[in-house]
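What follows is a set of notes on a single structure, which appears directly below.
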Amino acid sequence: MKKIIMEIPEITQKLLAAKKAKNVSFADLEKAVGRDEVWIAAVIYRQASASDEEASKLLLALGLDEELAQELGEYPVKGLGPIVPTDPFIYRFYEIMQVYGMPLKAVIQDKFGDGIMSAIDFTLDVEKEEDPKGDRVKLIMSGKFLPYKKW
């Protein structure tokens, strides 16, 4: 059986190499670009598109040529593809949805009604919670509730 590996776009590889060479964090890039660190990471991984101004600020912060700005502004094809993710970190989110997806949907529908949480009108923040038993990852997702329409 052939192992399917998620392809990392060439531009993503260039951006990540420059980030590493400059020794900057996504939080540093947040300050330089004026956008949230998670959104900047989504641009770098080609899951979001940047305006000309945002792309210029990002490329300047990474010391890269402005010629990449056009590609960062193109509308990306989003998602991981039609595969179960094999990267352990990403797979855990897939597993979380397998286990808690239906319960989470039921609780949200109890509180809001029949609908979905937008992934378009959406923010995601990552926080580090220090804990003597081991630091914890805290994710804060906030999406607009979109009720299903009747017609």
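The values are calculated or read from the model by the stated rules, or taken from the named source; none is laboratory data. None of the values given here were measured: they were computed from a predicted structure. Positions of Cβ are generated from backbone atoms using ideal geometry, with glycine treated the same way; all protein chains shown enter the neighbour counts.
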Does residue 67 count as without any contact (Cβ under 8 Å) to a residue 12 or more places away in the chain, acidic (Asp, Glu), outside the structural domain of residue 49 (by TED's automatic domain parsing) and farther than 22 Å from residue 27 by Cα?
-> no
Considering segment 92-143 alone, what residues qualify as being loosely packed, with under 10 Cβ neighbours inside 10 Å, farther than 18 Å from residue 36 by Cα, out of contact with any strand residue (DSSP E or B) (no Cβ under 7 Å at 6 or more places or on another chain) and at pLDDT 90 or above?
-> 110, 111, 130, 131, 132, 133, 134
Does segment 111-151 hold any residues that are in a loop (DSSP other than H, G, I, E, B) and of a type in the set (Asp, Glu), and which are they?
-> 114, 130, 131, 135
